[in-house]
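I'd like to ask some things about the structure below.
The values are calculated or read from the model by the stated rules, or taken from the named source; none is laboratory data. Because the structure is predicted, anything quoted here is derived from the model rather than measured. A quick note on method: Cβ atoms are made from the backbone with ideal geometry, for glycine too, and the neighbour counts reach across all protein chains shown. Surface accessibility is based on the protein's heavy atoms, side chains included, excluding ligands, DNA and RNA. Shrake-Rupley method; radii C 1.70, N 1.55, O 1.52, S 1.80 Å.
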Amino acid sequence: ESSLEPWASMLTGTQGVSPGYDPLAFAIQEAHARGMELHAWINPFRAGNASDTVRMVAPHLFKTRRDLIRVYGSDIWMDPGEPDVQDHSMAVISDIVRRYDIDGIHADDYFYPYVVNDNAGKPVAFPDDATFAKYGAGVARDDWRRANIDRFVERMYREVHAIKPTIEVGISPFGIWRPGNPAGITGLDAYASIYADSRKWLQQGWVDYLAPQLYWSIVPAKQSYTALLDWWLAQNVAGRHVWPGLAAYRVADGTSTAFSANEIPGQIRATRQRPSGEGNLLYNTTWTLKRNGGALATALAGDLYKSAALVPASPWLDATAPPQPTIAITSDILQITPGAGESARWWAVRSHSSSGWVTRVLFGTDRTLSLPGGTDRVLVQSVDQAGNVSGSAEWRR
């Protein structure tokens with residue numbers, strides 16, 4: 001729900017029409033109830049499809065600030081070189097951060113658009129001549145475009161943390177920074193074609209996590225998952241998180257380059273084998289959970305994702321551990337009492353019985369939990385928003 005942009009048409013079929021509830025608030029509530037973080041996913045400069053313009057309504061910028069909109073191929077874009085566009089996108093992001101209890105803000109890989117070719121196969125220039133003439137100040141256009149994106153990324157990181165210092169800011173850029181990095185890698189030059197200097201953002205510490213879209217298999221070498229993973233980990237001189245995106249949508253997708261059922265588990269194992277390999281993001285939800293009868297989700301849930309885990313801590317945001325809680329158990333009901341001081345964002349609860357250990361992650365406002373029958377030992381830690389963990393409160397039967 002926003003006063004800055006209209007309701008999305010995908011909710012009701014008509015842009016600007018309320019669905020009767022707030023989908024983001026609902027998603028946050030349900031994610032937290034399941035021990036999951038929710039990161040609000042945004043495209044800062046994409047404005048819609050050109051075919052939808054006749055159905056767009058205010059306050060969409062196509063209606064209120066047509067001077068900021070560019071038609072490119074089948075899409076419409078807010079021109080990243082226009083200062084008012086950057087201000088608008090930051091206003092929307094700031095509004096989300098202020099009003100919603102999100103755990104992070106996450107920008108997709110679209111900055112300047114991916115190149116569109118005309119009917120003759122020639123690249124079509126992005127129509128920002130007037131913007132460049134107004135703001136380019138004698139700089140080469142490619143450098144000016146990259147500087148526009150750099151400025152926005154740095155600003156987003158700084159301004160989000162000025163509002164809420166410990167939520168995470170992440171970006172999922174195209175998985176290849178530049179061809180030849182590392183040696184032998186070929187493919188799109190995101191640095192030169194969509195003006196995304198993602199290595200710079202990571203090295204400057206303008207993200208809390210980078211999720212490069214490593215949507216290729218471990219072999220062949222020209223776009224090897226492990227080769228690219230090792231290269232990205234080596235670029236992380238600022239010590240941020242690198243959580244590569246995996247192409248779950250390519251598993252048995254019917255194409256000649258479809259992934260086998262073993263590819264995604266193999267990539268997760270390869271990530272875990274690296275000393276700084278902390279985790280992965282699977283794209284996308286439908287393919288992970290529903291397609292092929294949910295085979296990928298079932299395989300992961302029974303093996304690599306069998307036990308719940310906490311999101312790795314971000315000590316550069318906050319390095320102080322929260323206070324240890326106290327606990328009491330009556331009739332297999334756990335009651336958690338917070339310690340004095342910083343509030344817990346999450347509770348990490350481990351319980352043991354004759355069948356082994358079970359791990360649960362509870363949201364900080366949830367302070368009771370029904371334990372499995374026969375529980376003989378319980379450990380509870382408080383976890384703050386930056387992922388720092390307290391000492392353990394322990395109960396034994």
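What percent does the relative contact order of the chain come to when contacts are Cα pairs within less than 8 Å and at least six residues apart?
Over the chain, the number comes to 11 percent.
Quick one: dipole size for segment 64-168, taken about the Cα centre, charges +1 on Lys/Arg Cβ and -1 on Asp/Glu Cβ, in debye to the nearest 20.
200
Let me ask something else. With the crude spin-label approximation of a point 7 Å out along Cα→Cβ, what separation in nm comes out for Gln203 versus Ala221?
Simple spin-label model gives 2.5 nm for this pair.
Can you find, among Tyr209, Gln15, Thr330, the residue sitting farthest towards the positive end of the charge dipole of the chain, where Lys and Arg contribute +1 and Asp and Glu -1 at Cβ?
Going by the Cα projections, it comes out as Thr330.
Can you tell me the FRET efficiency between Ser193 and Val358 if r is taken as the Cβ-Cβ distance and R0 is 35 Å, rounded to the nearest 0.05?
0.15
Further question: Identify, among Ser74, Val85, Ser3, the residue whose Cα sits farthest towards the positive end of the charge dipole of segment 1-93, taking +1 on the Cβ of Lys and Arg and -1 on the Cβ of Asp and Glu, with the dipole about the Cα centre.
The listed residue farthest towards the positive side: Ser74.
Suppose R0 equals 51 Å. What FRET efficiency, 1/(1 + (r/R0)^6) with r the Cβ-Cβ distance, do Ser370 and Ser18 give to the nearest 0.05?
0.85
Here is a follow-up. How far is it, in nm, from the label point at His161 to the one at Ser392 when both lie 7 Å from their Cα along the line to the Cβ?
My value for the distance between the label points is 3.2 nm.
Sticking with this one: With a 1.4 Å probe and every protein chain left in place, work out the accessible area per residue of the chain in Å², rounded to a whole number.
47
Which FRET efficiency, nearest 0.05, do Leu310 and Ala50 yield, Cβ-Cβ r, R0 41 Å? Present the calculation step by step, with values, prior to reporting the outcome.
Numbers: r = 44 Å, r/R0 = 1.07.
Once rounded, the FRET efficiency stands at 0.40.
Still on this structure: What does the charge dipole of segment 258-343 about its Cα centre add up to, to the nearest 20 debye, if the Cβ of each Lys and Arg holds +1 and the Cβ of each Asp and Glu holds -1?
Rounded to the nearest 20 debye, it is 400 debye.
Follow-up question, since we're still on this one. Once volume of the Cα convex hull per residue in Å³ is worked out from the coordinates, which option in [x] 150; [y] 300; [z] 173 does it equal?
Structure-derived value, by its label: [z].
Still on this structure, I have one more. With label points built 7 Å along Cα→Cβ from the Cα atoms of Val237 and Met36, find their separation and express it in nm.
About 3.7 nm, to one decimal.
By how many nm would the segment from Ser260 to Glu278 lengthen if fully extended, with 0.36 nm per residue of separation less the alpha-carbon distance?
4.1 nm
Assigning unit charges at the beta carbon (Lys, Arg +1; Asp, Glu -1) and nothing else, what dipole magnitude in debye, to the nearest 20, does segment 238-397 show about its Cα centre?
Charge dipole of segment 238-397: 280 debye, to the nearest 20.
What is the gain in length, in nm to one decimal, between Lys134 and Val57 on full extension, counting 0.36 nm per residue of separation less the C-alpha to C-alpha distance?
Result for the pair: 24.9 nm of gain on full extension.
Next up: Tell me, in nm to one decimal, what length is gained between Asp87 and Thr186 on full extension, where the rule is 0.36 nm per residue of separation less the Cα-Cα distance?
Result: 32.1 nm gained on full extension.
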